[in-house]
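Student: The following block contains the structure, expressed as structure tokens.
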Amino acid sequence: MSKTCYVTMQEQHEMAIESDKLVTEYFKSLEENFSVDTVIKGKVQSLAPSLNAVFIDIGDEKTGYLPVKNKKYRIGDELNVQIKKEKAEDKGVALSSVIYLAGQYSVVGKGKGLCGVSSKITDLTRKEQLKQLANENNRDEYFIVIRTNALQASDNDIKNDILQLFNQFDIIMDQSHNVGTGYTLYQADSNVLKMLKKYYEFEHDTLITDDIDLYNYYYNLTKDKSKIKLYTKEYKLFDFYNITPQLKTISYKKIWLNSGGYLLISNTEAMTVIDVNSGKNNNSKEASVTFLQTNIEAAIESARQIRLRNIGGIIVIDFINSENKAIQKACLKNFNKIMANDKLQLTVGGFTKLGLFEVTRQKSGRTQ
């Protein structure tokens with residue numbers, strides 16, 4: 001299914017993704033020095049054998065947490081580390097000593113590993129060709145993973161992408177010998193640019209942006225130039241395309257539905273609970289019609305809010321009269337339709353004996 005990616009780089013970096021006239025994803029970039037995928041020169045500050053971890057000084061007030069399996073470190077050891085998870089209020093960033101750099105068509109990693117191809121590429125012949133291409137262009141002590149976007153790219157473009165990533169690794173390794181603790185060896189893309197690389201599909205999608213550099217970059221990469229549009233009007237991009245009103249619902253606890261029903265979204269430490277209420281939708285002579293109409297809208301909006309807010313972990317939805325099998329079937333069908341193109345791992349548990357609808361969704365980044 002094709003979608004439109006709206007990217008504004010004016011007051012702050014923001015991206016909204018629209019599919020079937022519904023905004024289903026929203027990302028923004030925060031001004032942080034310690035963003036995910038950034039590579040930093042670190043130094044071992046303390047050891048935690050009971051946790052199978054060491055704590056790394058990365059030049060921040062909070063030390064980073066590095067899990068350790070087989071390798072032994074000593075206090076004072078210097079090493080290059082990559083941020084894998086942003087810091088929380090009471091914890092420093094989570095780190096990895098295996099460093100990955102992501103390009104448009106490939107990911108290159110330094111460390112032990114095998115070359116591979118995205119599981120979303122299902123053409124077995126092309127998949128084998130891409131794996132061979134990765135092996136042919138690999139280096140010792142590195143590994144390459146070919147991304148889904150490479151399916152429509154030429155071998156030459158993929159090779160150039162891999163070469164650029166190896167050149168970046170060379171810069172990182174050369175710098176690391178001459179800098180001190182806390183030095184940023186590689187500043188990762190902003191969250192918006194990373195998500196654009198992850199979500200934008202050249203063959204199907206349209207990109208509308210108010211940033212000339214971003215426009216030129218994707219215009220040169222995309223075969224169908226009509227799919228890349230530069231926004232130049234005086235109004236804000238999100239306002240002009242009616243994105244802003246949809247994004248406002250992210251901060252609402254109560255979400256009204258067109259039928260007159262509404263959702264109540266509550267976040268707890270253990271889970272997120274979405275309660276469906278019929279609200280003003282009580283004009284129907286048959287309650288079953290009211291319940292079905294409200295629940296279908298609720299299933300669609302619940303799925304959209306989960307993606308918009310980037311809700312992860314355990315999610316429970318309490319639909320109206322959810323013991324009814326017809327209602328359960330309609331809710332499941334409409335929920336799955338909206339979640340079909342979600343990039344994060346989703347497990348749908350379905351309805352419990354008590355009539356609650358349960359799902360779990362991969363946690364990734366911050367909840368909006």
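Student: Can you name the residue in region 232-269 that is among the acidic types (Asp, Glu) and farther than 17 Å from Leu22 by Cα and, of all such residues, is modelled with the highest pLDDT? First the steps, then the outcome.
Tutor: Of all residues in region 232-269, those among the acidic types (Asp, Glu) come to 234, 239, 269.
Narrowing further to those that are farther than 17 Å from Leu22 by Cα: 234, 269.
On the way: Glu234: 89, Glu269: 81.
Per the stated criteria, the residue is Glu234.
Here is a yes/no grid of residues against (1) modelled with pLDDT of 95 or more; (2) surrounded by fewer than 21 Cβ atoms within 10 Å (Cβ to Cβ):
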{"residue": "Val289", "(1), (2)": "no, yes"}
{"residue": "Gln293", "(1), (2)": "no, yes"}
{"residue": "Phe319", "(1), (2)": "no, no"}
{"residue": "Glu323", "(1), (2)": "no, yes"}
{"residue": "Gln328", "(1), (2)": "no, yes"}
{"residue": "Thr352", "(1), (2)": "no, yes"}
{"residue": "Glu358", "(1), (2)": "yes, yes"}
{"residue": "Lys363", "(1), (2)": "no, yes"}
{"residue": "Arg366", "(1), (2)": "no, yes"}
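Student: If Asp90 passes every condition in (1) closer than 21 Å to Lys343 by Cα; (2) modelled with pLDDT under 90 but one, which one does it miss?
Tutor: Evaluating Asp90 over (1) closer than 21 Å to Lys343 by Cα; (2) modelled with pLDDT under 90 leaves (1) as the failure.
Student: Out of Thr4, Thr8, Thr38, Thr24, which single residue is within 23 Å of Ile99 (Cα to Cα), hydroxyl-bearing (Ser, Thr, Tyr) and in contact (Cβ under 8 Å) with a residue 40 or more places away in the chain?
Tutor: Details: Thr4 fails: within 23 Å of Ile99 (Cα to Cα); Thr8 fails: within 23 Å of Ile99 (Cα to Cα); Thr24 fails: within 23 Å of Ile99 (Cα to Cα).
One residue alone meets the criteria, Thr38.
Student: While we're looking at this one, here's another question. Considering only region 202-231, state which residues are within 25 Å of Asp20 (Cβ to Cβ), at pLDDT below 90, in contact with a helix residue (DSSP H, G or I) (Cβ under 9 Å, 6 or more places away or on another chain) and surrounded by 14 or more Cβ atoms within 10 Å (Cβ to Cβ).
Tutor: Phe202
Student: Would you point out the residue of region 1-60, among those that are under 17 Å from the mean Cα position of the chain (by Cα) and in a loop (DSSP other than H, G, I, E, B), that is surrounded by the fewest Cβ atoms within 10 Å (Cβ to Cβ)? Let's see the steps before the verdict.
Tutor: Step one: filter region 1-60 for residues under 17 Å from the mean Cα position of the chain (by Cα), giving 3-7, 13-19, 23-30, 35-38.
Next, from what is left, pick out any that are in a loop (DSSP other than H, G, I, E, B): 3, 13, 29-30, 35-38.
Values: Lys3: 18, His13: 21, Ser29: 18, Leu30: 11, Ser35: 18, Val36: 18, Asp37: 18, Thr38: 19.
Only one residue tops the list, namely Leu30.
Student: Give the residue, chosen from Leu95, Leu114, Leu130, Leu124, that is under 30 Å from Thr63 (Cα atoms) and out of contact with any His (no Cβ under 8 Å at 6 or more places or on another chain). Show your work before the answer.
Tutor: On the way: Leu114 fails: under 30 Å from Thr63 (Cα atoms); Leu130 fails: under 30 Å from Thr63 (Cα atoms); Leu124 fails: under 30 Å from Thr63 (Cα atoms).
Only one candidate passes the filter, namely Leu95.
Student: Quick check, is Asp174 assigned to a helix (DSSP H, G or I) and surrounded by 16 or more Cβ atoms within 10 Å (Cβ to Cβ)? Don't jump to the end; show me each part of the working.
Tutor: Numbers: assigned to a helix (DSSP H, G or I): yes; surrounded by 16 or more Cβ atoms within 10 Å (Cβ to Cβ): no.
Answer is no for this residue.
The values are calculated or read from the model by the stated rules, or taken from the named source; none is laboratory data. If you're wondering where the values come from, they're calculated on a predicted model, not measured in any experiment. As a convention, Cβ positions derive from the backbone with ideal geometry for all residues, glycine included, and neighbour counts pool all protein chains shown.
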